[in-house]
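Asks: Below you will find the structure I want to go over with you.
Please treat every number below as a calculation from the coordinates, not as lab data. Computed from a predicted structure; not experimentally measured. Positions of Cβ are generated from backbone atoms using ideal geometry, with glycine treated the same way; all protein chains shown enter the neighbour counts.
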Amino acid sequence: MIIFKKVADIQNYISIQKEKGKSVGFVPTMGALHEGHISLIEFGKTQSDFLICSIFVNPTQFNDKNDFEKYPITIDADIELLEKNHCDVLFLPSVAEMYPDGMELKTHYDLGNIENLLEGAFRPGHFQGVCQVVERLLRIVLPDKLFMGQKDYQQVMVLKKMIQLQNLDTELIMLPIKRSQAGLALSSRNARLNQENLDHALTIIRVLEKIKSNISKNTFETLKKDAEDTLLNNGFEKIDYIELAQQEDLQSLPIWIKDTPSIILIAAWIEGVRLIDNILID
Ligand code: AMP
């Protein structure tokens, strides 16, 4: 695997590859890599001539300073895991490389209502920061295909919109959530939980599955109340949201509508760590 830290160097390398007619696949990450990230890389490799992974913990998308400061950094292990999984290129830029003109937003992305829902409501400014960093990365890497996880479903929707707004020539492909054998959605933030809390964290997928399997028989309101009680009785201290929404635009659905592809999304706190997860109802 080739590692680039400088924008000019990776751009030079990519333009040589593109001249040879090679297609570029891209998986942007914030590091602390796990099998979820690797699933994107593995699939991405089957769809492109070479695969670039980036690791950059983007300061502008953290609305919570504590979350930024505690974000796990495991760069040596990350490089080892990428090598083991035959990633072709790692882009590992510094903040100065990514933001040579400072970190203030130069573009306001007109994302519409999706920016204010769910994650947007609890993390003000988060999606503007995500768009800022991903646009910068896409303009450097010029990927044909961008691979992202359903784990961050709203982020996928937002970035599809950003790609359209900025007229970028990249196809975004969303891939399923990789889970532990017991069902916990893999996440870099899981590294901050002890074993007891990791066991408790499984409650999220249990309540998601329970809502999904009962959605045609009970009201969402009843199922949501039951899920909240279950989470709070199993180590969770706070619930930001449990929502039923349309897959298409994430508009909230107060009641389930048969034949409308929908999604149930949860964000909740355990031991000061905020976890998100979701499940599709097709
Ligand atoms: P992050 O490093 O958390 O910014 O995530 C980088 C990419 O990996 C994003 O597209 C995430 O949606 C994706 N991702 C994170 N966790 C998982 C998972 N458990 N399964 C599949 N993709 C994931």
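Asks: With r defined as the distance between the Cβ atoms of Asn218 and Phe122 and R0 fixed at 25 Å, what FRET efficiency is calculated, to the nearest 0.05?
Replies: 0.45
Asks: Next question. So which of Lys6/Lys106; Lys45/Lys258; Lys6/Lys45; Lys18/Lys178 end up more than 27 Å apart, counting from Cα to Cα?
Replies: As for pairs spanning more than 27 Å Cα to Cα, those are Lys45/Lys258; Lys18/Lys178.
Asks: Tell me the net charge near Ser262. Cut-off is 14 Å between Cβ atoms, Ser262 excluded, with +1 for each Lys or Arg and -1 for each Asp or Glu.
Replies: -2
Asks: Also, quick follow-up: Over all directions, how big on average is the projection of the convex hull of the alpha-carbon atoms in the chain, in square nanometres?
Replies: 14.8
Asks: Computed FRET efficiency, Cβ-Cβ of Lys65 and Glu104, R0 22 Å: what is it to the nearest 0.05?
Replies: Efficiency at R0 = 22 Å is approximately 0.80.
Asks: Give me the angle, in degrees from 0 to 90, between the Cα long axis of helix 35-47 and the longest principal axis of the Cα atoms of the chain, rounded to the nearest 10.
Replies: Long axis of 35-47 versus the principal axis of the chain: about 50 degrees.
Asks: If each residue's Cβ is checked for other Cβ atoms within 10 Å, how do Thr60, Thr219 rank with the fewest at the top?
Replies: Numbers: Thr60 20, Thr219 13.
By the 10 Å Cβ count, ascending: Thr219, Thr60.
Asks: Reachable aspartates and glutamates from Lys70, Cα under 15 Å, same-chain residues fewer than 8 places away excluded?
Replies: Straight-line reach from Lys70, under 15 Å: Glu271.
Asks: Okay, next question. Tell me which residues come under 5 Å, amide H to amide H, from Leu175 once H is placed; ignore anything under 5 positions away on its chain.
Replies: Long-range HN contacts for Leu175: Met148, Gly149, Gln150.
Asks: Another question about this same structure. For region 108-114, just list the computed ³J(HN,Hα) in residue order, Karplus coefficients 6.51, -1.76 and 1.60, θ = phi - 60°, integers in Hz, with x standing in for Gly and Pro.
Replies: 9, 7, 8, 8, x, 5, 4
Asks: Then there is this: Relative contact order (percent) for region 188-281, with alpha-carbon contacts under 8 angstrom and 6 or more residues of separation?
Replies: 30 percent.
Asks: Another one. In whole Hz and in residue order, list the ³J(HN,Hα) couplings for region 79-88 that follow from phi through the Karplus curve 6.51 cos²θ - 1.76 cosθ + 1.60, θ = phi - 60°; x for Gly and Pro.
Replies: Calculated HN-Hα couplings, in order: 4, 4, 5, 5, 4, 4, 9, 6, 5, 7 Hz.
Asks: So what's region 5-133 giving for Rg/Rh, alpha carbon basis, Kirkwood Rh from the mean inverse pair distance?
Replies: Details: Rg = 16.1 Å, Rh = 16.3 Å.
Result for region 5-133 is an Rg/Rh of 0.99.
Asks: Shifting gears a bit: Going by the alpha-carbon gyration tensor, a ≥ b ≥ c the square roots of its eigenvalues, is region 142-282 rounded (a/c under 1.5) or, if a/c is not under 1.5, prolate (a/b greater than b/c) versus oblate?
Replies: Taking the square roots of the gyration eigenvalues as a ≥ b ≥ c, region 142-282 is oblate.
Asks: Could you please report the charge total around Phe122, scoring K, R as +1 and D, E as -1 over all other residues with beta-carbon less than 13 angstrom from its beta-carbon?
Replies: Values: positive: Arg123, Lys238, Arg274; negative: Asp64, Asp67, Glu115, Glu119, Asp240, Glu243.
My count for the surroundings of Phe122 gives -3.
Asks: Under the Karplus relation 6.51 cos²θ - 1.76 cosθ + 1.60, θ = phi - 60°, what is the ordered set of whole-Hz ³J(HN,Hα) values for region 221-233, x standing for Gly and Pro?
Replies: Ordered by residue, 3J(HN,Hα) equals 4, 5, 5, 5, 4, 4, 5, 4, 4, 5, 5, 5, 8 Hz.
Asks: Considering the options Phe91, Phe50, Leu117, tell which one lies farthest towards the positive end of the dipole of the chain, charges being +1 on Lys and Arg and -1 on Asp and Glu at the Cβ, about the Cα centre.
Replies: Phe50
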